[in-house]
Each structure stands twice: as C-alpha cells, then as structure tokens.
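As structure tokens, the structure follows; a few thoughts come after it.
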Amino acid sequence: MDQAEQLRNIIKANQNTVRPLARVITVTSGKGGVGKSNTSINLALQFKKLGKRVIILDADFGMANIEVMFGTVPKHNLSDLIYKGKNISEIISWGAGDVGFISGGSGIVGMANLSRDYLNYIIHNLVQLDALADVIIIDTGAGISDAVLEFLVASGEIILVTTPEPTSITDSYSLLKALNRHPRFSRESSQIKMVANRVSRTGEGEQLFNKLELVVRKYLKIPISYLGAVPMDSQLAQAVMQQTPVTLLHPKAKSTLAYEEIAAKLMGEEKSERKRGMAAFFSHIISGRR
C-alpha cells in the first residue's frame, strides 16, 4: 500500500464520524516585511471579538514572528506532536486576547515518510484541533518557497497581503504566477483575497488591487477579490515595539478599525466558504510530498 492510499484510508476512517470542521484561512505575501504576521494576529483577535475560537499556526519556519509579537515563548511546537508524541493540547500556546497559537517548527518536511500508525496518530490529533477552533489562521513564510506553495495549494481561502511598494506588487504577482503553475493548484476550489497594507490615503488600496487584478486576470486568469485596506499607523508601529497587538493596545487606532472591518467582511462571507478542516489540509500537504 503506497503513501497516498494510506492517507485516503485514514481520512475515510476519520470521516465516518461526524465532526465539526474549522475554517482554515492562509495568510501570505510575495515578500517579507509587508505586515503579514500583523495581519494574522489582529484578524485573529477581531474574530475572537466576534465570538469565534481562533488558533494561529505559525508556519513561517525559523522566524517565530507570532510568538515574538505575542511576547510568549512556546514550550512545544508542531514537530513535538509529529516526532515526540505530544498531543494537540500540549503544543498550543496562548497569547494575548486568549488566541491560541502553534509554533510550526521544521518537522513538516518529513511527514510523508512516516508510518501508517504515525500518520493515523497525527491526523487524529489534527481532527481534535478542528473541534478546538472555529477559525484556524495559517501564517506562512513570505516569498515563493516550496513550503509556502504547499500551504497555499492545500488552502481553500488565501489572504494575500500587499503594500503600495512596487517590489511588493511585483512579488505578489510572482507568487500568484508560481501558485498558478503548481500542478495541484485549483482555481475552482481556491479563493484569493487581497489586503492592501500601509496605504497612505483613501482609495489607494482599491487602486493597488485594480492594478494587480488587471495583470492577474490577463495573464494568469486567476480570480482574486479585494478585502480592504489597512492605513499607515504610528500606533501600530508602537504596538509592535511593545509586543502587544494594536487591536488590544489601541482599540480605536486607525489600523485596528481597519482590521475590524476586514474581519467583519470575512465573517459575512462565512456561509459561502467551504470548510475543509485541518486534517484534510495536512493530508493534502503530506500526499503532495509522497
């Protein structure tokens, strides 16, 4: 029995029992330093305010931006679940605002080589994660690495963070171009939504989206939509320095209100989004590495 067949059997066995599925949202960017992790954290906190249970998976391996911004050092990471027998509750840390987060570690690369029993154990734990959260946010690394593309291909809902800087726009296009070329990418089952970060004036975000969407539609034929814009905000920069999310430190800041509006829009789209859950998400990644 090959790896792919093992995975299909494991997932089929888990699907025999009716369980809740979390909404998985993957946040990414074409380059670093555009505010991707800030977007992940502050959207998570806004979802929390809307009554949702939220967990962030920090998949930016080696960078640990989520834990730095929360000012919390986790005791365990996803590798400890995969290789050291920890259960899902042991690897979840809790940041400000009662948002859970999981440090990804670097162990996902070797998951395709694990035995059936180990895969069963991991999938069983990830199914439990679906029951612990209504929304799971995957904070990917920046750029066009194989690891980032694997996460994006596995995700049905992608938020692309872009700034007005010319390099950010071109890198966002390059990321979408690489994603479009991936053999397992499906336009039909993936929703790509752009957030314009660090805009300096009203309307700049929509102008940025229109510029990107024009070339994406013409050359890649990938549908993308516009979620909203986050303005330049000195209070957000101050919050980063204090390792406290701006949503909590400055609840009336311009950036906080923007995140609130974007989260509300995402929640308004919830019924139309197909929930995949974390077990299916990771099974897609593992099968791609077989």
Query raised in the report: Among 241, 278, what is the fewest-to-most ranking by other Cβ atoms within 10 Å?
Result: 241, 278
Query raised in the report: For 140, 244, 72, what's the fewest-to-most ordering of other Cβ within 10 Å of each Cβ?
Result: 72, 244, 140
Query - Pairwise label distance in nanometres, residue 243 with residue 269, each label 7 Å out on the Cα-Cβ vector - result: 3.4 nm
Requested in this report: Answer with one residue from 160, 231, 142: the one whose Cα lies farthest towards the positive end of the charge dipole of the stretch 3-284, charges on Cβ with Lys, Arg +1 and Asp, Glu -1.
Outcome: 160
Requested in this report: Calculate the all-directions average of the projected area of the stretch 3-284's alpha-carbon convex hull, and give it in nm².
Outcome: 13.8 nm²
Report summary line: Phi angles of the stretch 46-58, converted by Karplus (6.51 cos²θ - 1.76 cosθ + 1.60, θ = phi - 60°) into ³J(HN,Hα) in whole Hz with x for Gly and Pro, give 5, 4, 4, 5, 8, x, 9, 7, 10, 10, 9, 9, 7
Query raised in the report: Between the DSSP loop rule and a limit of at most 11 other Cβ atoms within 10 Å, which GluC sites (Glu not before Pro) in the stretch 165-256 are left?
Result: 188
Report summary line: Long-range amide H partners of residue 56, meaning residues 5 or more apart or on another chain whose placed amide H is closer than 5 Å, are 100, 101, 102, 137
Report summary line: With +1 on the Cβ of every Lys and Arg and -1 on the Cβ of every Asp and Glu, the dipole magnitude of the stretch 3-284 about its Cα centre, in debye rounded to the nearest 20, is 560 debye
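Only the coordinates and a few stated rules stand behind these numbers; no lab work does. All of these numbers come straight from a predicted model, not from anything done at the bench. Methodologically, a virtual Cβ is constructed for each residue, glycine included, from the backbone with ideal geometry; neighbour enumeration extends over all protein chains shown.
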